[in-house]
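Asker: Below is one structure. I have some questions about it.
Please treat every number below as a calculation from the coordinates, not as lab data. As the structure is a prediction and not an experimental result, all values here were calculated from the model. As a convention, Cβ positions derive from the backbone with ideal geometry for all residues, glycine included, and neighbour counts pool all protein chains shown.
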Amino acid sequence: MSAGHETTTGPLPIGQFARLVQHTVKNDPLFQHQALQGEVSSWSVHNGNIYFTLRDDDGQMDCVMWRSARLKVDPSIKVGSEVIIIGSVDVWPKRGRLQIVVARIQPVQTLGAMEETKRQLIETLRAEGALDLPSRRLPLLPKHVAIVTGADSAALSDMRQLMTDRWPGLRTTVIEVLVQGEHAAMEIVRGLAVTRALARPEVAGRLGLPPVDAVIVGRGGGSPEDL
């Protein structure tokens, strides 16, 4: 060991060092929840977990997707598929093995198709004039805000905290709806119908509330396929 790197603590046990590496990568944002792209070069399933290797021309890494996340896997993925994953680096100290724990995986061509569908929908809505409807000016100080969002979501918690900090005492009504999945659109429309009713003074008055004069439709983050 060079003089510039001498230590008085002595050599670390290898297991302790492996756990130190694990702690470091699990607490560094650079190695957590990263979006990565590559080609699947191996693919196997064991005890419900998926083990695969992600590679490109410059390198490769072992990946694992636990069975709890396996329901989100596109069945078309196989060896040779080009995919995008969302994953976090972890280290298995007993084996000294570094791998990516994958939360999401999606074929690149599927994401491209989703973007094309989104583009076509926007063009259709624009052609129908739905995007050109006149907007209403928001009140400077709303008296009653309706929030259409998922139940017990982080997004709802953030919105409530922000409104409490900026406008303490502001009246809010939460209308809980599904914000992803095949029934989400119908649920959100239902939620907006409730806010429209609460905007009528006679309806709000029967509930002892001021009429709704502002509406928030919101959700937190999510993968592109969920959104």
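Asker: Please report the relative contact order for region 58-126, taking Cα pairs under 8 Å with a sequence separation of at least 6, and give it as a percent rounded to a whole number.
Answerer: Answer for region 58-126 is 35 percent.
Asker: Under 8 Å for C-alpha pairs, at least 6 residues apart: give me the relative contact order for the chain, rounded to a whole percent.
Answerer: For the chain, the relative contact order is 15 percent.
Asker: Quick one: angle between helix 154-166 and the longest Cα principal axis of the chain, in degrees between 0 and 90, rounded to 10, please.
Answerer: 60
Asker: Follow-up question, since we're still on this one. Can you list the HN-Hα couplings for region 188-201, worked out from phi with the Karplus curve (6.51, -1.76, 1.60; θ = phi - 60°), rounded to whole Hz and with x for Gly and Pro?
Answerer: For region 188-201, the Karplus curve yields 5, 4, 4, x, 5, 5, 5, 5, 5, 5, 5, 7, 7, x Hz.
Asker: Sticking with this one: Figure the gain on full extension for Arg19 and Arg190 (residue separation times 0.36 nm, minus the Cα-Cα span) and round it to one decimal in nm. Could the numbers behind the result be given before it?
Answerer: Working: separation 171, 0.36 × 171 = 61.56 nm, distance 5.05 nm.
Gain on stretching Arg19 to Arg190: 56.5 nm.
Asker: Which FRET efficiency value, to the nearest 0.05, do you get for Ala35 and Ala151 by plugging their Cβ-Cβ distance into 1/(1 + (r/R0)^6) with R0 = 25 Å?
Answerer: In this case the efficiency is close to 0.35.
Asker: Here's something else I'd like to know. Using log10 I(q)/I(0) by the Debye sum over Cα atoms at q = 0.08, 0.12, 0.15 Å⁻¹ as the read-out, say which of (i) -0.40, -0.76, -0.94; (ii) -0.32, -0.68, -0.97; (iii) -0.52, -0.90, -1.10 was calculated from these coordinates.
Answerer: Evaluating log10 I(q)/I(0) by the Debye sum over Cα atoms at q = 0.08, 0.12, 0.15 Å⁻¹ on these atoms matches (iii).
Asker: Could you work out Rg/(2.2 N^0.38 Å) for region 51-90, with Rg from alpha carbons only?
Answerer: Against the compact-globule rule of thumb, the ratio is 1.20.
Asker: Determine ³J(HN,Hα), in whole Hz, for all residues of region 88-93 in sequence, where each value follows from phi through the Karplus function 6.51 cos²θ - 1.76 cosθ + 1.60 and θ = phi - 60°; x replaces Gly and Pro.
Answerer: Per-residue couplings from phi come out as 10, 6, 9, 10, 9, x Hz.
Asker: With +1 on the Cβ of every Lys and Arg and -1 on the Cβ of every Asp and Glu, and nothing else charged, how large is the dipole of region 10-112 about its Cα centre, in debye rounded to the nearest 20?
Answerer: 560
Asker: Calculate, axis by axis, the spread of Cα positions in region 142-217 along the three principal axes, and write the results as whole Å, longest axis first.
Answerer: Each principal axis gives a Cα extent; for region 142-217 these are 34, 30, 15 Å.
Asker: While we're on this one: Spin-label point model (7 Å from Cα, Cβ direction): what's the Arg97 to Asp158 distance in nm?
Answerer: With each label point 7 Å from Cα toward Cβ, the separation is 3.6 nm.
Asker: Could you give the distance between the Cα centres of region 70-129 and region 21-49, to the whole Å?
Answerer: Region 70-129 and region 21-49 have Cα centres separated by 14 Å.
Asker: Just the Kirkwood number for region 10-112, please: inverse of mean 1/r across all distinct Cα pairs, in Å, one decimal.
Answerer: Numbers: mean 1/r = 0.0691 Å⁻¹.
Every distinct Cα pair counted, the radius reaches 14.5 Å.
Asker: Ok, one more. Rounded to whole Hz and in sequence order, give me ³J(HN,Hα) for region 42-59 from the Karplus expression 6.51 cos²θ - 1.76 cosθ + 1.60, θ = phi - 60°, writing x for Gly and Pro.
Answerer: Result, ordered by residue: 8, 7, 8, 10, 9, 6, x, 8, 9, 10, 8, 10, 10, 9, 9, 5, 9, x Hz.
Asker: At a threshold of 8 angstrom on Cα-Cα distance, excluding pairs fewer than six apart, so keeping six or more, what relative contact order does region 10-112 reach in percent?
Answerer: Once normalised by length, the contact order is 29 percent.
Asker: Something else about it: Name the most mobile residue of Pro29, Pro211, Pro13, meaning the one with the largest mean-square fluctuation, in a Gaussian network model of the chain with Cα contacts below 10 Å.
Answerer: Result for the chain, Cα springs under 10 Å: Pro13 fluctuates most.
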